[in-house]
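The values are calculated or read from the model by the stated rules, or taken from the named source; none is laboratory data. Bear in mind that the values here come from a model prediction, so they are computed numbers and not experimental data. Every residue, glycine among them, receives a Cβ derived from its backbone with ideal geometry; neighbour counts consider all protein chains shown.
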Amino acid sequence: MPEVVLTSDWTMMSDHNGKEFLGFGTTTPALLLPEAAYRRLFYPPMDCDADGFPREAPYGLRKIEAALLEAGIDARIVHPSHLHRYMPGEAKLLLISGHDYLGLNPPSTTFSGVMKKTSLNRINFMRMMRQPHVLEAHRRGMKIIAGGPPAWQLTEETRQKLPWVDAFVREIGGIDAVVEGEADLFVVDIVRKALAGEPLPAHVVISPRDAPRVEQIPTIHYASINGLTEIGRGCCRGCSFCSVTQRPTRWYPLDKIEQEILVNVRSGQHGGLLHSDDVMFYGSPNIMPREEKLLPLMQLAKKHYDHVGWSHVAVATLMTKPNLLPKIHDILCTGNQTWWGVEIGVETGSPRLITKAMPGKVAPFRASQWPELVVQAAGLLNDNSVYPACTFIVGLPQETEEDVIQTIDLFEDLWDFKAILVPMFFVPLGHLKQTDWFRRDAVSERQKELFELALTHGLRHSRTLLDRFFEDRDGLAGAAYRTLFARFVDFLTFIAREKGVLHEPGEHYVPHRIESPLHHPEDMPLPTIPVR
């Protein structure tokens, strides 16, 4: 029995019906329907063995588990419903991770703010930590260490800003240590200290200088959720609101990537998601995609996975070498695969805001070209069977009403773009960490219009995309999934119509935008980024 237990809450410990991007549904509140209905749609329970070890687990948690196992530490990931098997009693240390512990990240703050209800991820995390056996084990001396992307939510700094967070942490008896940053190396040291009964630091921030090199990053030992496989870390775009850009860029060699793909394939995975902060940067020392690196990566993934998706890509990267995407399409869209998905941070339709908050996002183009770049990228994506989720930020500290109007204008230009457009409230991260959250009571009429356009666009295209989305589900199972989600879209459409929040283009003032012709970037000097 493991003495070190790792876990995440129920919204994370799920394969999201085999579709990673359905996990976004866990950042919403349960609106009108019971929580069980949302659980069925977005986070059905993960299968576990007799010991409570999940068949698949979140990728980041698998990395930490692998680091501990390779150091000879008795550690395993346990499903949150099975923690009672190990505590109080066997477990001496509990490591927790997740994506958004307390619903403070952009999707959750947006949905919970608009709907005036608590997000499902916050509800489930609190429920996990309040389990009687967890509380009792902690009271008896079991240590709790929190890490992962939302670790900042449990720090003393956040507790001072948000009294309700402080009250919750006190209720569960505190968190013994909070670790921010890439902990593949550090976790071994802090776990050994905890097991030896030594004092633990209350808060550790692992600097980019101490981030592990590629050869120091462990290979997962057990399957990740939905076959997610990391191909690299870091981003060179330098957006002020993002913490990822502070990390050095590193790319995994193909053999390391294949090792992890095979771990998933042996567990029964038939599809997978390639993960980095920009998949098309793979193997590049600058912002120019390298075809000779990228195409072999696609061929490797398709060799083992029937269906391959991407986690993220940037608009400017797509448009830097637009002829590359059709070649990738010809590799991936074979067999039963006819499309793939990806998340794209569009953020704004305002060239001024691009210049102020994210100048690197448009490189090597000019900021004035941003709206037209996005529109052309939309056509390129749909022409090559890519149907993305595009995120936008509402309420950046530098944002003006004119910036919002330009984003509305962009939304209208994208009205036939088969995608999901997701506006999200600004959350203070990255270089803007010391600023304040954007809140629902600050939403202007123009920003409200933006949200309504996004909702109407999403409902319009969701029905169209459902058949593609569940193409890998044959027979009755596939028909059942399509019907289930179609009814949910119908339900949301009915509610939106009843509340009068559906909004078609042209219903309000549409500003005129002066477009500038695209400048082809092939001959522009490219900044070199450090690669480790």
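Against the conditions (1) basic (Lys, Arg); (2) in contact with a strand residue (DSSP E or B) (Cβ under 8 Å, 6 or more places away or on another chain); (3) free of Cβ contacts under 8 Å to residues at least 40 places away in the same chain, ARG170 satisfies every one except (2).
Evaluate the following for LYS116: is it basic (Lys, Arg) and under 24 Å from LEU135 (Cα atoms)?
Working: basic (Lys, Arg): yes; under 24 Å from LEU135 (Cα atoms): no.
Answer is no for this residue.
Being part of a strand (DSSP E or B) and in the same structural domain as PRO34 (by TED's automatic domain parsing) is a condition met by no residue of segment 114-136.
Quick one: which residue in GLU343, GLU347 is on the phi > 0 side of the Ramachandran plot and charged (D, E, K, R)? Just a single option satisfies the conditions, and that option is GLU347.
Give the residue, chosen from LEU325, LEU380, that is surrounded by fewer than 19 Cβ atoms within 10 Å (Cβ to Cβ), over 22 Å from the mean Cα position of the chain (by Cα) and of a type in the set (A, V, I, L, M). Matching residue, one of LEU325, LEU380: LEU380. Every condition in (1) of a type outside the set (A, V, I, L, M); (2) over 20 Å from the mean Cα position of the chain (by Cα); (3) part of a helix (DSSP H, G or I) holds for THR109 except the one numbered (2).
Within segment 266-287, if we keep just the residues that are surrounded by 17 or more Cβ atoms within 10 Å (Cβ to Cβ) and out of contact with any strand residue (DSSP E or B) (no Cβ under 7 Å at 6 or more places or on another chain), the residue that is nearest to ALA66 (Cα to Cα) turns out to be GLN269. The one condition from (1) among the acidic types (Asp, Glu); (2) at pLDDT 95 or above; (3) under 22 Å from ARG76 (Cβ atoms); (4) part of a loop (DSSP other than H, G, I, E, B) that ASP189 does not meet is (4). LYS293 fulfils the conditions (1) at pLDDT 95 or above; (2) of a type in the set (D, E, K, R); (3) within 24 Å of the chain's Cα centre (by Cα) except for a single criterion, (3). For segment 82-92, filtering for residues that are surrounded by fewer than 21 Cβ atoms within 10 Å (Cβ to Cβ) and under 22 Å from ILE220 (Cβ atoms) leaves 2. Of the residues that make up segment 93-103, is at least one more than 23 Å from ALA151 (Cα to Cα), at pLDDT 95 or above and more than 16 Å from the chain's Cα centre (by Cα)? Taking every residue of segment 93-103 in turn, none turns out to be more than 23 Å from ALA151 (Cα to Cα), at pLDDT 95 or above and more than 16 Å from the chain's Cα centre (by Cα).
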